[in-house]
Amino acid sequence: MSKEPVAVVGVGQTKHVAARRDVSIAGLVREAARRALDDAELEWADVEAVVIGKAPDFFEGVMMPELYLADALGAVGKPMMRVHTAGSVGGSTALVAASLVAARVHGTVLTLAFEKQSESNAMWGLSLPIPFQQPLLAGAGGFFAPHVRAYMRRSGAPDTVGSLVAYKNRRNALKNPYAHLHEHDITLEKVQASPMLWDPIRYSETCPSSDGAVAMVLTDRAGAARAPRPAAWMHGGAMRSEPTLFAGKDSVSPRAGRDCAADVYRQAGIADPRREIDAVEMYVPFSWYEPMWLENLGFAAEGEGWKLTESGVTELDGDLPVDMSGGVLSTNPIGASGMIRFAEAALQVRGLAGEHQVAGARRVLGHAYGGGSQFFSMWLVGAEPPTS
């Protein structure tokens, strides 16, 4: 029996900010969920199951928060699942929810992800000493900076590329009312003059710490037919993982990322992603990861990704726009960041992305990664139902 086509008919986000002190975690997730239901013109009773995701529980210090969120999400008496795959969890959560629809276990599923970083300190939470592993050196940036330097050595990329990505994404964020950082006075010179945190990563080339939540309503073909607005159809989705450390690991272009993208392209019938995909919502917490992931995902040959960035290809009006919403560089509620990429991809093909809409976007990739560049989740959504 063939899989049931999966459609996104509702998307909802909170306004992402540094601290949402006006709501609890329950209030935060309910706000996003209610907006997704409103987009789909559905009620809580129309949802058959809930799939929720977030980053490690010590980020807020509340263990297994999903156990007390059922009431806020209309999930009392319904199946409710928790997913966790580090920073890629938002994407993985959406894929688990999609699998329930594709397998015809449920007809309509609410999926959401969140983080309330203001209630803890994620940077130091990510700096825990782990036996037999290298220290993170004050946050994720200390872990990833050597990988960026390795990319620069391999590719010969000039040291200005990171600032170009940051400047682009922060300008894109100004067109997104839900983005955390709205730096109206941003200039390339300001990015390049910002303090060096983890050489070669500057302060303005890093992601913020955000409170926020995002939700999507996924449904089957019958549900999409009843939807009041255009649906985004899932053409392919996959997850892959690999160890944090192993002999031969390529931290610049992890095999798990390459394999994950290849699987998505195979499912979607994509032979040339550079030509057949219209835009990408990419998980870029540090600006240099745009050119690195362009290569990892098959949009550029090895060592050539930075040239796409430098030539303007990834600008909002470029040939392959990347992070039209402002991306993780502008909004980072860690547990939700991956799902925001998936949701923003869906908004693009639905034609509902507002000021950061890419004209004529028909196929858009959503991408998430987490851990030590070891967990990957991706989906490709289209404006038309899949042909097979």
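The values are calculated or read from the model by the stated rules, or taken from the named source; none is laboratory data. Everything numeric here is computed off the predicted structure, so don't read it as measured data. Cβ atoms come from the backbone with ideal geometry, glycine included; neighbour counts cover every protein chain shown. These area figures cover heavy atoms from the full protein model, side chains too; ligands, DNA and RNA do not enter into them. Shrake-Rupley method; radii C 1.70, N 1.55, O 1.52, S 1.80 Å.
Looking only at the range 193-212, how many residues end up being open to solvent by less than 70 Å² (accessible area, probe 1.4 Å) and more than 21 Å from residue 339 (Cβ to Cβ)?
Matching residues across the range 193-212 total 7.
Scanning the range 144-166 for residues that are open to solvent by 60 Å² or more (accessible area, probe 1.4 Å) and either touching a helix residue (DSSP H, G or I) at 6+ places or on another chain (Cβ under 9 Å) or β-branched (Val, Ile, Thr) (or both) yields a single hit, 159.
Can you find, within the range 56-94, the residue that is surrounded by the most Cβ atoms within 10 Å (Cβ to Cβ) among those that are on the phi > 0 side of the Ramachandran plot and small (Gly, Ala, Ser)?
Result: 86.
Restricting to the range 86-107, what's the tally of residues that are among the β-branched types (Val, Ile, Thr) and within 17 Å of residue 346 (Cβ to Cβ)?
3
Of the residues 51, 161, only one is at pLDDT 95 or above and not assigned by the TED database to the domain that holds residue 377; which?
Numbers: 161 fails: not assigned by the TED database to the domain that holds residue 377.
After applying the criteria, what remains is 51.
Of the residues making up the range 307-323, those that are in contact (Cβ under 8 Å) with a residue 12 or more places away in the chain and either open to solvent by less than 40 Å² (accessible area, probe 1.4 Å) or in a loop (DSSP other than H, G, I, E, B) (or both) are 308, 309, 314, 315, 316, 320, 321, 322, 323.
Taking the range 95-116, which residues are closer than 21 Å to residue 85 by Cα, surrounded by fewer than 24 Cβ atoms within 10 Å (Cβ to Cβ) and not small (Gly, Ala, Ser)? If the condition is that a residue be closer than 21 Å to residue 85 by Cα, surrounded by fewer than 24 Cβ atoms within 10 Å (Cβ to Cβ) and not small (Gly, Ala, Ser), then 96, 100 are the ones that fit.
Screening residue 327 on (1) assigned to a loop (DSSP other than H, G, I, E, B); (2) touching a Leu at 6+ places or on another chain (Cβ under 9 Å) shows it passes everything except condition (2). Residue selection: residue 248 fails the criterion of being within 19 Å of the chain's Cα centre (by Cα) and surrounded by fewer than 22 Cβ atoms within 10 Å (Cβ to Cβ). Filtered by the rule that a residue be closer than 23 Å to residue 372 by Cα and in a loop (DSSP other than H, G, I, E, B), the range 40-63 gives 55, 56, 60, 61, 63. Of the listed requirements (1) among the polar types (S, T, N, Q); (2) at pLDDT 95 or above; (3) within 22 Å of the chain's Cα centre (by Cα), residue 209 misses just one: (2).
You will find that of 181, 218, 197, the residue that is at pLDDT 95 or above, on the phi < 0 side of the Ramachandran plot and not assigned by the TED database to the domain that holds residue 102 is 181 and no other. Among the residues of the range 1-55, those identified as within 19 Å of residue 83 (Cα to Cα) and open to solvent by 30 Å² or more (accessible area, probe 1.4 Å) are 30, 48. Return yes when residue 380 is touching a Gly at 6+ places or on another chain (Cβ under 8 Å) and more than 22 Å from residue 17 (Cβ to Cβ) and no when it is not. Against the criterion (touching a Gly at 6+ places or on another chain (Cβ under 8 Å) and more than 22 Å from residue 17 (Cβ to Cβ)), residue 380 qualifies.
For the range 180-192, the set of residues classified as surrounded by fewer than 18 Cβ atoms within 10 Å (Cβ to Cβ) and under 26 Å from residue 54 (Cβ atoms) consists of 182 only.
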